[in-house]
Amino acid sequence: MKGISDIDLANVREKQRLDEVNKVLEMSVSKVPGDEKIYISGIFALRRPATLKEAGVTHIVSALRFDYKETKGWENYTHCNVQIDDTDDENLIEHFPRVVQFIKDALAEGGGVLIHCAMGKSRSVSLAIAYLLATRPSLTPFTALSLIRQNRPLADPNSGFMTQLNLWKRCECTPDLESCGLYQRWLYATEVELSTSIGRAPDRLRFEDEEKAKSGSASLEAGDATKAMRCRRCRTLLAKEEYIVDHDPKAPAEEDAISSTAPLPLPNPDAAAASSSSVACGHFFLEPLSWMRPALEAGDLEGRLLCPNLKCEALVGRWNWKGLKCSCGVWVTPAFSVQKGRVDLLSPAVERGRGAQAAGVRMPPGMRVPPPRDGNL
């Protein structure tokens with residue numbers, strides 16, 4: 001039997017060398033490039049008060065399940081404690097507004113901020129990126145990470161945190177995160193994912209048209225400048241273009257597409273056009289809408305989507321909380337799928353006053369527009 005080869009020995013030595021380098025980096029205090037006094041480290045840096053004093057650190061953000069009062073000299077700093085684990089499904093984004101404001105206040109006072117977790121690799125780096133995105137609008141999560149890696153090569157947020165950083169960017173880093181519709185959709189998606197992982201439908205139903213109606217931003221009514229999806233048989237309105245979920249496999253990838261897809265696909269106003277351009281794609285995917293309520297309230301994991309017009313009730317598609325694979329090969333979770341052959345996506349011209357009637361579209365009972373009255377109003 002041959003012994004260990006020179007190549008194997010070289011690989012072992014290289015791994016040992018990298019491990020030693022990483023240990024040193026974990027203990028080091030790395031400055032975030034820029035004029036501001038913001039530093040990243042692992043927990044061991046708290047045992048080096050002289051280093052922190054030299055760096056001008058006055059405020060500390062601790063991003064782990066940890067009682068900072070157990071460290072010697074904790075009272076010499078102003079603390080912000082974020083109790084989180086380094087797991088993909090941890091909700092880190094909910095802490096971004098508080099942490100960003102804490103850092104801003106510290107810097108405004110002329111202080112310096114240390115952001116640390118266990119190793120200075122994922123949680124602390126993610127919080128630093130959240131701050132950079134909020135204060136340097138030209139950055140993306142990927143470019144901010146690249147910036148931090150200039151001084152801290154081991155920086156590597158987990159994929160779930162990168163997803164949330166992309167979401168934070170899309171929410172325009174708003175301090176009022178609870179009012180951001182994209183954030184609320186992401187929260188709901190995590191609920192759905194948790195429920196389906198144990199074989200159950202979600203306990204809470206969220207219909208996007210109702211949520212937008214609450215905020216006064218949109219409704220399911222026709223008559224605006226967007227396309228409208230209607231049942232091909234009876235012309236009942238099913239969805240406006242904004243409720244179509246983009247799942248086009250050929251959509252251009254973003255530069256910072258590291259885990260940039262949230263659990264629930266986020267809507268794209270150009271989704272219909274993108275999907276229509278793909279011959280292989282035979283489905284539209286919708287967000288959950290209020291007309292689906294009777295089907296979803298039954299508590300099943302999957303089922304059929306019927307036209308909500310009780311005089312029609314044509315089969316238009318199907319839904320599955322665990323997801324469906326489109327004919328184009330893309331898997332969408334959860335999935336509310338409508339077959340393109342069973343609906344029509346009508347242009348705004350058809351939807352306007354003269355549109356449906358002038359185009360010879362047969363309207364269902366209750367939706368027919370009465371003829372204009374003669375004489376004065």
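FYI, it's all coordinate maths here, none of it is from the lab. Note that the structure is a prediction, hence the values are computed from the model and not measured. We place every Cβ from the backbone using ideal geometry, glycine too, and count neighbours over all the protein chains shown.
Quick check on the stretch 22-179: take the gyration tensor over C-alpha atoms, sort the square-rooted eigenvalues as a ≥ b ≥ c, and tell me if it's rounded (a/c under 1.5), prolate or oblate. Verdict is rounded for the stretch 22-179.
Multiplying the residue separation of GLN101 and GLU54 by 0.36 nm and removing their Cα-Cα distance gives an extension gain of 14.5 nm. For SER197 and ASP35, the difference between the fully extended length at 0.36 nm per residue and the C-alpha to C-alpha distance is 53.7 nm. What residues from the stretch 279-317 fall in the zone where the backbone N is under 14 Å from a label point 7 Å along the Cα-to-C-beta line of GLN339? Once the point is set 7 Å along Cα→Cβ of GLN339, 282-284, 304-307, 314-317 turn out to lie under 14 Å by backbone N, inside the stretch 279-317. Here the 3J(HN,Hα) profile of the stretch 103-119, calculated from phi with Karplus coefficients 6.51, -1.76 and 1.60 at θ = phi - 60°, is 5, 4, 5, 4, 5, 5, 7, x, x, x, 10, 9, 10, 10, 10, 6, 10 Hz, Gly and Pro shown as x. Calculate, for ASP156 and ARG65, the FRET efficiency according to 1/(1 + (r/R0)^6) with r their C-beta to C-beta distance and R0 22 Å; round to the nearest 0.05. Computed FRET efficiency for ASP156 and ARG65: 0.65.
Distance between the modelled labels on SER327 and THR190, one decimal in nanometres: 3.7 nm (7 Å Cα→Cβ projection).
Going down the list LYS31/LYS104; LYS121/LYS322; LYS31/LYS72; LYS240/LYS322, which pairs span over 21 Å between their C-alpha atoms?
Those over the limit are LYS121/LYS322; LYS31/LYS72; LYS240/LYS322.
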